[in-house]
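Undergrad: Quick one: this structure, given as structure tokens, is what I'll be asking you about.
Just so you know, all these numbers are worked out from the coordinates, no wet-lab data involved. Just so it is clear, the model here is predicted, and its values are computed rather than measured. So basically every Cβ, Gly included, is an ideal-geometry build from the backbone, and we count neighbours across all protein chains shown.
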Protein chains: 2
Amino acid sequence: MDKAAALERLRALDRERMYLSQAAAILQWDQETYLPPEGVEDRAEQLALLEGLAHEKLTDPQVGRLLDELDPAAAEDPAGSAAGLKAADGTFPAADGFPAGDFLRVLRRDYDRAVKLPADFVRDRARAEGLSQAAWVKARRDNDFAAFAPHLEKMVALEEKKARYWGWGAGAAGFVYDGLLDFHEPGFSAASASALFGPLGERLSLLLREIAGKTGPSQSPGTGPSASPGGPGADKTGSSSLAGPGAFLRRAYGASRQEAFCRRVLGGLGFDFNRGRLDTSAHPFTTTLGFNDARITTRYAAGDPLSALFSVIHEGGHAFYELGADPVLRSSCLAGGVSMGIHESQSRLWENVIGRGRAFWRPWFPRFKKSFPRQLEGVDFGTFYRAMNTVSPSLIRVDADELSYSLHIILRFELEQRLFDGSLRVSALPAAWNAGMKKYLGVEPANDAEGVLQDVHWSMGAFGYFPSYALGNLYGLQFWEKLNEDLPGVNAALEKEDYAPIHRWLREKIYRWGRRREPARLLEEVTGQTLSAGPFLRYLEEKYGELYGF
Amino acid sequence: MDKAAALERLRALDRERMYLSQAAAILQWDQETYLPPEGVEDRAEQLALLEGLAHEKLTDPQVGRLLDELDPAAAEDPAGSAAGLKAADGTFPAADGFPAGDFLRVLRRDYDRAVKLPADFVRDRARAEGLSQAAWVKARRDNDFAAFAPHLEKMVALEEKKARYWGWGAGAAGFVYDGLLDFHEPGFSAASASALFGPLGERLSLLLREIAGKTGPSQSPGTGPSASPGGPGADKTGSSSLAGPGAFLRRAYGASRQEAFCRRVLGGLGFDFNRGRLDTSAHPFTTTLGFNDARITTRYAAGDPLSALFSVIHEGGHAFYELGADPVLRSSCLAGGVSMGIHESQSRLWENVIGRGRAFWRPWFPRFKKSFPRQLEGVDFGTFYRAMNTVSPSLIRVDADELSYSLHIILRFELEQRLFDGSLRVSALPAAWNAGMKKYLGVEPANDAEGVLQDVHWSMGAFGYFPSYALGNLYGLQFWEKLNEDLPGVNAALEKEDYAPIHRWLREKIYRWGRRREPARLLEEVTGQTLSAGPFLRYLEEKYGELYGF
């Protein structure tokens, strides 16, 4: 076979795998949204079958042979090292503008990952995960960590085994965790995480303590007079007293009005309903079912209207990324997000930096008030803005404010690292958790259900996943600083609801690349910098310094 | 492999095929209901892949070998004749109560059908069908039969080829059409169709002419005084004059109220929303996505509230059948309806015999009126009942009343038969159509768009499919007569909204069998009779005789 024909064949195989994965994603989406309750059993069988077929397609020996044939450098280096793969990047002639070099590199990565895991390991792990998740549900309900501990030990052992299959941890045990981090965030390691998260954690804790000394954003001194929305000076936070700050955000907000408002905001932000959907599910998520089909979900809580709205903006950010890939990447393994961290940078940029900002709310607050006139009676812009950005360290990660959120993640990172380097046993995890909460957030859970048992991730063996949430904040603000340099009028544009320049910039710099550029390279190409917490900290200090007056 | 192990293996292969078919059906359902407009292209690729995989599973040579091993009688008879297959029926030991004999017979039928068609024929036919359907859309829009004729000729030729692959038509040309009929209705032939449809067509035409002599059901003499709903004597049709009969059914009925009413009726009839759904699509349909997941759709027309409602009851009948199979048949080729005709017997029984009947509407009419008080102001039960059952021969099949509907089908059957026995050329089809309409219904289309071009079926090569609609009416009334013998109080039960005895009877006699009993046998086991138009005619004569006074 000549090279062009071999490439076509490989692309066809890859395409079939993508279609099968998308088909599985469609079944999954339906399961979370519209499946009749009694349909779950058959659905599990249908999904297992499709996922198995997608795995078979990826690990088809033909794929390996074609990869070797097309990418001699990688073939000569059986470990598929970065050096061997890099040689192929961009050097291969692309017929229709398709980036064949990147394709071979990324597909090689997927293929190697998949074939290195023996089928019986995959099966055993799937079974253990099912049992572990069920045990976690029960343990959290019963506040019984001891009952969950053996499952957690098993999942740690299995993930260690997985990382070793992939080739990590041959030497020092610490490197095993690198393998898990690299899976979610290509090129990321425990060493780079420590170097970043250590100082970040300290600085955030300090900020938190400083804020805790204040009584609340509404009563902080020196923030100027209260002002009506849109009027001059409205950018300054007011001094109007707020009996029970944010109490108006806990009133009853009807679900259908919430949904209508969410749709309006999502559409206003530029979400194309011809290429996606918004539906309801128990937990918000985004899924990509085709090149022109990205769907997001949320759920509506009567006493918390901003929860649905911010989750919609968050998931919308994921969807913008997915829908922004270069059309030439369509239906290939190169379409889609390059990493969890870059994905979170987009969702958090839209949700927090834009969505919880003053400029964004300037045009939207009057409409929000119009949608909920009773609930927001007498609430002015400044009061609303402050209530939305109240900092209050608490026990539960998913409820955390923008400032303390990363501390929840840093704690989890440290614990994960210690579980895998052998310095922390599962039985000692609850105590370590509580101590960490005290150290970073100044609060301590009364029991394990609201402590170490709160997240589902570990029960599924998803170690190395949490750090991407914090990475998303860092990447996001690095991108945002650069975007503000390139587009100095961003806040004015936001006040005029002109999101087009932001979309253009993000698409050009990030979205269109899909999985072609690994996170570190993408970041450097866009910002000229390496990963750093500086921009994120500057952003927090400016925003909360003004709100809390320090 | 011993027999038990071979059977298990064959069941596993069959199950995988069923799951793949269900997965394809889920993608199809999503396409018709929730797919974002720009998602269609990728969806076509995903579907083609899944359907191809399901076909591969069915035609896996392993399936053939296992069938031969397990069913020596059929193996010795390579044509897989009825005699050879019958020997296996029920003679094989069933481990868990699973009817192995029936399974081997039905799977053999599916397998033979599939392997007899060469892959390149299937591909060519799929391509031709796509072109033909597109040409039909254009031809109907432009009222240009000549532009569509070459495609129709091609589809006739391809279907003839298909029937010959299956083994029909070795001798006389007429038998080719038998192959197509047998595909939709196992065991049915052109000869049996002619014997039934000939006299039925004559009798229905006569009835229609008799009714055409009357001015309308509301003004027919001798039907007693008008009565208010639910009161004594309300069973009699009234004599209240009706300026523009049924005009109140063409007023504006809001879609969301229509939907709410449809849901209420569907649930009231016993549809289990834990095992199915009702959604909206361009054309109503039912699809089965798992043993506990049957979904129906409809669409709401403001000026025709009964259109959505009757389509919901119709599709609900299909869903009851699908959901009623014996659990032991779950995820096997034996679950699901045995034929198009038996399926239509269930949908038409619920839609027409029950849903357009007096007893059914006794409790539902007051609620319908309550849902649409403005639109139905001053309309009494009798007036409503008569409007709903107005007979009026018209050009379009899908709009036809219960009495003239079968005539539309009989015409199509006759034309199909002649296309395949060579006595009618495609070019002569429009003239033959118009003459047939005149003969059977006394109306003639002004153009081909509202004549021979009105249905999509032929453009897709679906010949032999139409007769199942008329068969459904016949089977349905044969079942209904027997049901009334077994359950004498059915009308009283309907008036009390007690549908349980009907469901119990249908499940016991029909639903639970799935594909185990072929139509003729099923009919005989239930009614002790062979296929006949008698019960259907008796039903129409009684119902419309009373309405129109003849």
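Undergrad: What longest range of chain A stays clear of loop-exposed GluC sites (Glu not before Pro) (DSSP non-H/G/I/E/B, at most 15 other C-beta within 10 angstrom)?
TA: Answer from the scan: A:1-376.
Undergrad: For region A:294-307, in order, what is each residue's ³J(HN,Hα) by Karplus, 6.51 cos²θ - 1.76 cosθ + 1.60 with θ = phi - 60°, in whole Hz (x at glycine and Pro)?
TA: My calculation for region A:294-307 gives 10, 10, 10, 9, 8, 9, 10, 9, 4, x, 7, x, 7, 4 Hz in order.
Undergrad: Which value, in debye to the nearest 20, gives the size of the charge dipole of the protein assembly as shown about its Cα centre, when Lys and Arg are +1 and Asp and Glu are -1 at the Cβ?
TA: The dipole of the protein assembly as shown has a size of about 2500 debye.
Undergrad: Using per-residue counts of other Cβ atoms within 10 Å, averaged over each peptide, order B:184-193, A:332-341 from highest down.
TA: Descending mean neighbour count gives A:332-341, B:184-193.
Undergrad: Then there is this: Helix-derived [θ] at 222 nm for chain B: sum -39500 (n - 2.57) over DSSP H runs of at least 4, divide by residue count, nearest 500?
TA: -19000 deg cm²/dmol
Undergrad: Shifting gears a bit: Kindly state, to the nearest 0.05, the FRET efficiency for B:Met460 paired with B:Ser392, given R0 = 41 Å and r defined as their beta-carbon distance.
TA: With a Förster radius of 41 Å, E is 0.90.
Undergrad: If you line up the long axis of helix B:534-548 against the longest principal axis of chain B, both from Cα atoms, how many degrees apart are they, to the nearest 10?
TA: Between the helix axis and the principal axis of chain B, the angle is about 20 degrees.
Undergrad: Rounded to the nearest 0.05, what FRET efficiency do A:Glu8 and A:Asn143 have when you use their Cβ-Cβ distance and R0 = 51 Å?
TA: Plugging the Cβ-Cβ distance into 1/(1 + (r/R0)^6) gives 0.35.
Undergrad: Rounded to the nearest Å, what's the spacing between the alpha carbon centres of region A:489-530 and region B:145-210? Just the number, please.
TA: Using only Cα atoms, the two centres lie 62 Å from each other.
Undergrad: Considering every Cα-Cα pair within the protein assembly as shown, what fraction, in whole percent, is farther apart than 45 Å?
TA: The share of Cα pairs beyond 45 Å in the protein assembly as shown comes to 46 percent.
Undergrad: Moving to a separate point now. Return the long-range amide H neighbours of A:Arg277 (sequence gap of 5 or more, or a different chain), with a cut-off of under 5 Å between placed amide H atoms.
TA: A:Ala294, A:Arg295, A:Ile296
Undergrad: Which aspartates and glutamates have a Cα less than 18 Å from the Cα of A:Lys162, not counting those fewer than 8 places away in the same chain?
TA: A:Asp110, A:Asp112, A:Asp120, A:Asp124, A:Glu129, A:Glu153, A:Asp178, A:Asp182, A:Glu185, A:Glu416, A:Asp421
Undergrad: With label points built 7 Å along Cα→Cβ from the Cα atoms of A:Ala301 and A:Glu210, find their separation and express it in nm.
TA: 2.9 nm
Undergrad: I'd like the mean, over residues of B:277-290, of how many other protein chain beta carbons sit within 10 Å of each residue's own Cβ.
TA: Shielding by partners across B:277-290 averages 2.
Undergrad: So what does the Cα-only Debye profile of region A:376-453 read at q = 0.11, 0.12, 0.20, 0.21 Å⁻¹, as log10 I(q)/I(0), no solvent term?
TA: Computed log10 I(q)/I(0) values: -0.37, -0.42, -0.85, -0.91.
Undergrad: Excluding residues on the same chain fewer than 8 positions from A:Lys543, give the lysines whose Cα lies under 23 Å from its Cα.
TA: A:Lys214, A:Lys236, A:Lys482, A:Lys496
Undergrad: While we're here: Spelling out what I want: for every residue of region B:325-335, take phi, set θ = phi - 60°, compute 6.51 cos²θ - 1.76 cosθ + 1.60 (Karplus), and round to whole Hz; glycine and proline get x.
TA: Coupling constants for region B:325-335: 5, 4, x, 5, 8, 3, 6, 10, 5, 7, 6 Hz.
Undergrad: May I ask for the angle, rounded to the nearest 10°, between helix A:190-212 and the longest principal axis of chain A, with both axes built from Cα atoms and the value confined to 0 to 90°?
TA: Helix A:190-212 sits roughly 10 degrees off the main axis of chain A.
Undergrad: Right, here's the next one. Which one of A:Ser406, A:Ala431, A:Asn389 has its Cα pushed farthest toward the positive end of the charge dipole of region A:360-460, where Lys and Arg give +1 and Asp and Glu give -1 at the Cβ?
TA: Toward the positive end, the furthest listed residue is A:Asn389.
Undergrad: Hey, how much of the P(r) for region B:419-543 falls beyond 25 Å, as a percent of Cα pairs?
TA: In whole percent, the long-distance tail amounts to 46.
Undergrad: Residues of B:48-54, mean number of Cβ from any other protein chain within 10 Å of their own Cβ, rounded to a whole number?
TA: 3
Undergrad: Something else now. Tell me which of A:Gly472, A:Ser132, B:Asn352 sits at the most positive position along the dipole axis of the protein assembly as shown, charges placed on C-beta atoms (Lys, Arg +1; Asp, Glu -1).
TA: Final value for the positive-end residue is B:Asn352.
Undergrad: Next question, about the same structure. Just in region B:441-550: which trypsin sites (Lys or Arg not before Pro) are loop by DSSP and have at most 16 other Cβ atoms within 10 Å?
TA: Filter output for region B:441-550: B:Lys496.
Undergrad: Out of the trypsin sites (Lys or Arg not before Pro) in region B:288-332, which ones are loop residues according to DSSP with at most 11 other C-beta atoms within 10 Å?
TA: Here no trypsin sites (Lys or Arg not before Pro) fit, given the DSSP loop and packing criteria.
Undergrad: Debye calculation, C-alpha points only, no solvent: report log10 I(q)/I(0) for chain A at q = 0.09, 0.11, 0.13 Å⁻¹, in the same order as the q values.
TA: Here log10 of I(q) over I(0) equals -0.72, -1.10, -1.54.
Undergrad: Same structure, new question: Can you give the FRET efficiency for B:Glu32 and A:Ala195, using 1/(1 + (r/R0)^6), R0 = 60 Å, r = Cβ-Cβ distance, to the nearest 0.05?
TA: Computed FRET efficiency for B:Glu32 and A:Ala195 comes out at 0.70.
Undergrad: So for the pair B:Arg203, B:Tyr165, with labels modelled 7 Å out along Cα→Cβ, what separation do we get in nm?
TA: 4.0 nm
Undergrad: Also: Can you tell which of A:Phe536, A:Ala252, A:Val452 lies farthest toward the positive end of the dipole of chain A, using +1 and -1 charges on the Cβ of basic and acidic side chains (Lys, Arg; Asp, Glu)?
TA: A:Ala252
Undergrad: Sticking with this one: Rounding to the nearest 20 debye, state how big the charge dipole of chain A is about its Cα centre with +1 on each Lys and Arg Cβ and -1 on each Asp and Glu Cβ.
TA: Charge dipole of chain A: 1260 debye, to the nearest 20.
Undergrad: Still on this structure, please answer the following. Considering only DSSP beta bridges whose two residues both sit in the protein assembly as shown, what percent are antiparallel, to the nearest 5?
TA: About 45 percent, rounded to the nearest 5.
Undergrad: Mind jotting down the distance between the C-alpha centroids of region A:251-269 and region B:368-442, whole Å?
TA: Cα centroid of region B:368-442 versus Cα centroid of region A:251-269: 46 Å apart.
Undergrad: Read phi for every residue in region B:101-115 and hand back ³J(HN,Hα) as whole Hz from Karplus 6.51 cos²θ - 1.76 cosθ + 1.60, θ = phi - 60°, with x for Gly and Pro.
TA: x, 4, 4, 4, 5, 6, 5, 4, 4, 4, 5, 4, 3, 6, 6
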